[in-house]
Structures are given as C-alpha cells and as structure tokens.
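The structure under discussion appears below in the form of structure tokens.
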Amino acid sequence: MPAIACTAPGKIILFGEHAVVYNHPAIAAPFDGVKAKVSALANPIAPAGQVKIDAPDIHLQTTLEQLSPDDPIALVIHNTWEALGIHSMPAVTLRITSTIPPAAGLGSSAAVAVALARAVATFVGHPLPDETISQIAFRAEERQHGTPSGIDNTVIAYAKPVYYTRGQLIEFLSIGQPLRLIVADSGVSSSTAVMVNGLRERWQTDRGHYEAMFGQIGAIVREARPLIEKGDSTRLGPLLTENHAILHEMGISCPELDKLVQAALSAGALGAKLSGGGGGGNMIALVRADDEGNVTGALQQAGAVWTQSALIAKHGNR
Ligand code: PMV
C-alpha cells in the first residue's frame, strides 16, 4: 500500500470569537500559511493491525494501544473507525507534523484532528465527506476545550471562509476582494479552555453586562459580512478594532496583544484585533498592500515573535 499524506490549514477568526460560544455569529477563514500534515505509511513487517504514531514535534513515538482512550489522537482514530464501521486497520505508521504554533489561536488542535481523520480514512480506501471529518474533529475538540463552538473544526475541515452560528447551517462566504492580513504572534502561550472557562465564570456573575457585549460583537459580525463580500477593507478595518476593544473589556486580551494592536494601527493598519482564544497567541492586522512592510516592521518592534502575511481570497485551499 503506498504512502498517503493529508493536510489541513490553520484558521483565522476575523470576527466574533468567544461570542460564538454564546450563539452569536462569527466569521473565520482558513489560513494556508501554516498547516498540519499526517502521512500514513503501510508497515507490512509490524504485527497485524499495529498503529504506530510518530509525532516528532511533540516528541511522541508510541502505538495506538499505548495511548489513553482519552488522548486526542486516539480519540480521532477511534472516531474515524466508528464513522467507517471498522474496528482496526492494516498495520500503519501515522506521522503527524504541524507548522501551526500550538496554543496560539490558529486552530492547531482542530487541524491535526482533521488531517489525521482524513489520513486514516484515505489510507483504508474510504475517504470521508468534509461534514463527517468536521464532526470527528469537533468530538476531539470537545474533549480538550469542554464547550467548543464548532467554528475551528468547521472552517478547517471545509477549508473555506465561513459565517458560522452554532447549531445553524454553515454559510460559506464569498470574498469580494482579497483581504490582506498580517498575522503576528505575541509569543504568550495561552489555553483556549482557560480563556473560555474564565469568561464563563465572569458571565455567570454579571450576565447582563457580558450579554450586552456579546450582542455588540454579534452586531459587528453582521455589519462586517457584506463588507467582506464586497471587499471593502477600508470600512472593515475599524470594525476589527472595535471587536478587539470589546474583547479587551471582556478580559480576553493581554498587554502584549494590546501593544501589538496599537503598534499595527500606529503604523497604518486599517484595523487590528486579537484572533482566537486570546490571553496571548495571535493577532491580525488588516493592511493595504503599500503598508504591509511598515506594519510588519512595527509589529516586530512591538514584540511579535513571528509574523506572516495572509491573503484571504475567494476560496480557501485544502
Ligand atoms: O483559540 P482557538 O484557535 O481554539 O479559537 C477559539 C475560538 C473561541 O471562540 C474562543 C472558542 C470556540 O470554541 O469558538
């Protein structure tokens, strides 16, 4: 059996993170600049049915049998088998690598889950539809984050920009004109689960205040949608910055992210905000082509440990 390889992109949340957990809409796009990759190589000399896992980025070399059933990798493999109606697969080595920085709001865990589920299904000769792959990744995210909204697994499995509301049909977005973003990592590692749970505790003590802010974010997302569809970056920029200000008020930002947002705006970005779980991780700045160099330099000066440009175009690529 030949080796196969499946990849999945990272993701950028343009608008609406956190509020999306409370049933407000959000907009996200695949980020092809980083990706997770899983290759599956038949291992005919291994004991029948042995699944070797080789994940050098996290220094993991093991077999499926040795993993706890709760381990996200084991969970994805078992859930993929369940979707395929099988209980084992021919002996194989699954090699998992990723260029998506973990704990940084770029969807690293969902991308690994999507690429892994695809590799397992493709290896046994039964590729699964995006919807099933997305569900498998969602179940793994649930185990890790408690109450994921489902936006990460959706945008990554379909690899297209989405307008996403929990529990509703997925709406794919057409992009009028490519959006030019700079993605910058604050270098502060942060757990999405901790951020989501902390916000839930604050919401429980002051529901009115937090629900008003979720509502404001929802209104920004609805206003942003037609601007994205038209490709109106000039009017879109201030909405990003407004969304960041509300996330800041909700306790989702951190000084490092605020500094990057300010630096991007001072250097001429049309708008800027944190992206993803917050508390650290990445931010995005929307720029005109002419300002890209200036803004990137300003972000690096302001402490970004990594920057990359991202063009959000008509369709994401797988
Ligand atoms: O930090 P990430 O990449 O997992 O993004 C989380 C997005 C949240 O809205 C904060 C959580 C969710 O489940 O939607």
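The values are calculated or read from the model by the stated rules, or taken from the named source; none is laboratory data. Since we're looking at a predicted model, the values are computed, not measured. Here the Cβ is made from the backbone with ideal geometry for all residues, glycine too, and neighbour counts use every protein chain on show.
Scanning the range 271-288 for residues that are away from the ligand (no atom under 16 Å from the Cβ), within 21 Å of Lys11 (Cβ to Cβ) and part of a loop (DSSP other than H, G, I, E, B) yields one hit, Val287. Check Ala29 against each of (1) within 16 Å of the ligand (Cβ to nearest atom); (2) of a type in the set (A, V, I, L, M, F, W, C); (3) touching a Ser or Thr at 6+ places or on another chain (Cβ under 6 Å); (4) in a strand (DSSP E or B) and name the one condition it does not meet. For Ala29, the exception is condition (3). Here is the figure for the range 96-138: residues that are surrounded by fewer than 18 Cβ atoms within 10 Å (Cβ to Cβ), in contact with a strand residue (DSSP E or B) (Cβ under 6 Å, 6 or more places away or on another chain) and either small (Gly, Ala, Ser) or over 30 Å from Leu181 (Cα atoms) (or both) total 1. Residues being of a type in the set (Ser, Thr, Tyr), near the ligand (Cβ under 10 Å from one of its atoms), within 20 Å of Glu17 (Cα to Cα) and touching a strand residue (DSSP E or B) at 6+ places or on another chain (Cβ under 6 Å) are entirely absent from the range 139-147. For the range 221-256, a residue qualifies if it is within 16 Å of the ligand (Cβ to nearest atom), of a type in the set (A, V, I, L, M) and in a helix (DSSP H, G or I), and the qualifying residues are Val221, Ala224, Leu240, Ile246, Leu247.
Residues that are within 7 Å of the ligand (Cβ to nearest atom) and not in a loop (DSSP other than H, G, I, E, B) within the range 148-162 comprise Ile151, Asp152, listed in sequence order.
A quick yes/no check of all residues on (1) surrounded by 18 or more Cβ atoms within 10 Å (Cβ to Cβ); (2) over 22 Å from the mean Cα position of the chain (by Cα); (3) modelled with pLDDT of 95 or more:
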site: Ala42; (1), (2), (3): no, yes, yes
site: Ala48; (1), (2), (3): no, yes, no
site: His59; (1), (2), (3): no, yes, no
site: Asn79; (1), (2), (3): yes, no, yes
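The one condition from (1) within 12 Å of the ligand (Cβ to nearest atom); (2) under 12 Å from the mean Cα position of the chain (by Cα); (3) over 22 Å from Ser189 (Cα atoms) that Thr165 does not meet is (2).
Name the residue that is nearest to the ligand (Cβ to nearest atom), counting only residues in the range 101-138 that are hydrophobic (A, V, I, L, M, F, W, C) and over 22 Å from Val51 (Cα atoms). Checking each candidate, the answer is Leu106. When the test is whether a residue is under 20 Å from the mean Cα position of the chain (by Cα) and in contact (Cβ under 8 Å) with a residue 12 or more places away in the chain, Gly276 passes it.
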